[in-house]
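Structure record follows, encoded as structure tokens.
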Amino acid sequence: MTKVLIAEDNADSREILSLELEAEGYAVRAVSDGLSAVEAAADFRPDVIVMDISLPTLDGLEATRRIKAQPGFANTPVIALTAHAMTEDEARFRAAGCDYYLAKPASPEAVLKVISRFLPPSAPDLPPGA
Ligand code: MN
């Protein structure tokens with residue numbers, strides 16, 4: 001099962017997105033601040049991370065930098081959620097290790113679409129004998 005870590009400090013957004021992703025067949029861990037995101041990444045080993053940029057303790061960019069610096073996370077997709085959808089920020093997001101960003105408010109459907117672009121809910125079964 002594909003694992004998604006969600007870091008979002010808005011409780012309603014976090015809960016709605018978690019439920020939608022679980023309904024689609026993803027395994028979800030959700031946290032509400034940046035330091036917890038770094039810790040949860042090491043513990044949960046997500047396949048993809050949805051990262052709010054504006055977070056307590058560590059902002060989403062610093063949390064992304066720290067996660068991507070951990071062994072095994074260099075290629076883990078990080079999808080940033082940002083209220084600051086200014087084009088000049090994209091370079092900052094990419095420099096921090098974010099692979100994609102969505103402007104808030106982003107619907108769960110929009111987030112799902114981007115996640116599935118990187119990773120399906122589960123890997124297809126191998127054919128017999130493969
Ligand atoms: Mn926030």
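The values are calculated or read from the model by the stated rules, or taken from the named source; none is laboratory data. Predicted model, so just to flag it, every value in this text is computed and none were measured. Quick reminder, even Gly has a Cβ in these numbers, built from the backbone with ideal geometry, and neighbours come from all protein chains shown. Each accessible area value is taken on the protein alone, full model and side chains, heavy atoms only, with ligands, DNA and RNA left out. Shrake-Rupley method; radii C 1.70, N 1.55, O 1.52, S 1.80 Å.
Some values worked out for this structure:
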item: Search result, residues across segment 56-79 that are hydrophobic (A, V, I, L, M, F, W, C) and open to solvent by less than 40 Å² (accessible area, probe 1.4 Å); result: Leu58, Leu61, Ala63, Ile67, Phe73, Val78, Ile79
item: Every pair of residues 6+ apart whose Cβ atoms lie under 7 Å, when the first sits in segment 4-30 and is over 21 Å from Thr64 (Cβ atoms) and touching a residue at least 40 places away in the same chain (Cβ under 8 Å) while the second is of a type in the set (Val, Ile, Thr) and in a helix (DSSP H, G or I); result: none
item: Search result, residues across segment 1-12 that are open to solvent by 10 Å² or more (accessible area, probe 1.4 Å) and either modelled with pLDDT under 95 or among the acidic types (Asp, Glu) (or both); result: Met1, Thr2, Asp9, Asp12
item: Flag for Leu119 being in contact (Cβ under 8 Å) with a residue 60 or more places away in the chain, away from the ligand (no atom under 14 Å from the Cβ) and either of a type outside the set (Gly, Ala, Ser) or closer than 14 Å to Lys3 by Cβ (or both); result: yes
item: Segment 41-55 residues that are farther than 16 Å from Ala69 by Cβ and open to solvent by 50 Å² or more (accessible area, probe 1.4 Å), paired with ones that are modelled with pLDDT of 95 or more and more than 16 Å from the ligand (Cβ to nearest atom) (beta carbon under 6 Å, 6 or more apart); result: Asp47/Lys3
item: Condition broken by Ala63, with the remaining ones in (1) closer than 23 Å to Arg117 by Cβ; (2) in contact with a Pro (Cβ under 6 Å, 6 or more places away or on another chain) satisfied; result: (2)
item: Among residues of segment 67-83, those that are more than 25 Å from Pro108 (Cβ to Cβ) and of a type in the set (A, V, I, L, M, F, W, C), counted; result: 2
item: Entirely in segment 1-104, the strands (runs of 3 or more DSSP E) that have 2 or more residues that are within 13 Å of the ligand (Cβ to nearest atom) and over 26 Å from Ser122 (Cβ atoms); result: none
item: Of residues in segment 17-40 being touching a Pro at 6+ places or on another chain (Cβ under 6 Å) and under 20 Å from Thr82 (Cβ atoms), the one most open to solvent (accessible area, probe 1.4 Å); result: Glu20
